[in-house]
1. Within segment B:187-210, identify whether any single residue is within 30 Å of A:LYS43 (Cβ to Cβ), touching a residue at least 24 places away in the same chain (Cβ under 8 Å) and surrounded by 14 or more Cβ atoms within 10 Å (Cβ to Cβ), and answer yes or no.
2. Which one of these does A:GLU47 not meet: (1) loosely packed, with under 14 Cβ neighbours inside 10 Å; (2) of a type outside the set (A, V, I, L, M, F, W, C); (3) at the interface with another protein chain (Cβ under 9 Å from one of its Cβ atoms)?
3. Conditions first: (1) over 19 Å from the mean Cα position of the chain (by Cα); (2) within 29 Å of B:VAL212 (Cα to Cα). A:ALA16 passes all but one, so which condition is the exception?
4. Filter segment B:103-153 for residues that are β-branched (Val, Ile, Thr) and closer than 27 Å to A:TRP14 by Cα and give the result.
5. Assuming B:PRO236 fulfils every condition listed in (1) at pLDDT below 95; (2) in a helix (DSSP H, G or I); (3) within 14 Å of another protein chain (Cβ to nearest Cβ) apart from one, which condition is it?
6. Is it the case that segment B:60-80 has a residue that's free of Cβ contacts under 8 Å to residues at least 24 places away in the same chain and charged (D, E, K, R)?
7. For the list (1) in contact with a helix residue (DSSP H, G or I) (Cβ under 9 Å, 6 or more places away or on another chain); (2) more than 14 Å from chain A (Cβ to nearest Cβ); (3) not charged (D, E, K, R), I need the number of the one condition that B:PHE135 fails.
8. State yes or no: is B:PHE135 more than 16 Å from B:ALA61 (Cα to Cα) and either hydrophobic (A, V, I, L, M, F, W, C) or at pLDDT 95 or above (or both)?
Amino acid sequence: MNFWDMGGYAAYVWPAYGVSALGLGLAVLWTLKAYGAAKARLKALEERKT
Amino acid sequence: MQLLFRYANPHAFMRLSGALLPFTAAATILLIAIGLYLGFTVPPDYQQGMTVTMMFVHVPAATMAELAYGVIAVASFFSLVWRHPLSDVAARAAAPYGALFTALGLITGSLWGRPMWGTWWQWDGRLTSFLLLLFVYLGYMALWNAIEDETRAARAAAILGLVGAVNIPIIKFSVDWWTTLHQGESIISGKLAPVFLWPLLVMMAGYAFLFVTLWMIAIRTEILSRKARTLMLGGP
């Protein structure tokens, strides 16, 4: 059996994995970006205060 | 309970989560990698063929959607009873991930349903109550953003968080209470063959660690943001 063919169900299996990877990947990026921005903002405020 | 309150302190949480994050992140990567390998090497199911591999992304997403709501409900309860500010932060931080897992559960379920049931969607108990969960998540997040005063927003969101929890047992038992296309519970009852069960459990653990990792980072982000807002207002 061809792996990529998924027994004739490739049109359903790969989009399911694709949308999961995309959704979770974007969540990771968004979370890290927001954390980095919050850290940088606090650092700038603390430096301005001292 | 005392231990819980000790770590529910923002400073203690920052220290504890800082120490835990490398391990939860590593566990996420490792478990999902192993789960994907195991999932893609299963034999075709005698009824479902290779569509069975969709179970390894659909079931973990759907399970985490419900567990994330459980987190919101418990944190909301703590917030209403003990007025602990970190409870509000924890509940709010879990919502976007819960909404994402719910959306992924719906999309992957629809993709699995089309070849197996012959339809993308059916207005039955399980699918409809799960769609309702997405709306509860969206409403919860909208409520937080709609009220400017943080204390009032937290109180209103906590009430919605608790009320919305009624939907969780409805989702769980919908397959027993009503006629549905969706299959019944098959993990705890032992109906799932071990060859499918193990990849599923590994993927579920991977998704759980992913949620915990992202949730902890989101809580840290909110703690830092609140500290920045206090500084801007001339606080300590």
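The values are calculated or read from the model by the stated rules, or taken from the named source; none is laboratory data. This is a predicted model, so every value here is computed, not measured. Cβ: placed from backbone, ideal geometry, glycine included. Neighbour counts: every protein chain shown.
1. Yes - at least one qualifying residue is present in segment B:187-210.
2. With respect to (1) loosely packed, with under 14 Cβ neighbours inside 10 Å; (2) of a type outside the set (A, V, I, L, M, F, W, C); (3) at the interface with another protein chain (Cβ under 9 Å from one of its Cβ atoms), A:GLU47 is out only on (3).
3. Checking A:ALA16 against (1) over 19 Å from the mean Cα position of the chain (by Cα); (2) within 29 Å of B:VAL212 (Cα to Cα), the one that fails is (1).
4. If the condition is that a residue be β-branched (Val, Ile, Thr) and closer than 27 Å to A:TRP14 by Cα, then B:ILE107, B:THR108, B:THR119, B:THR128 are the ones that fit.
5. B:PRO236 satisfies every listed condition except (2).
6. no
7. The one condition B:PHE135 does not meet is (1).
8. yes
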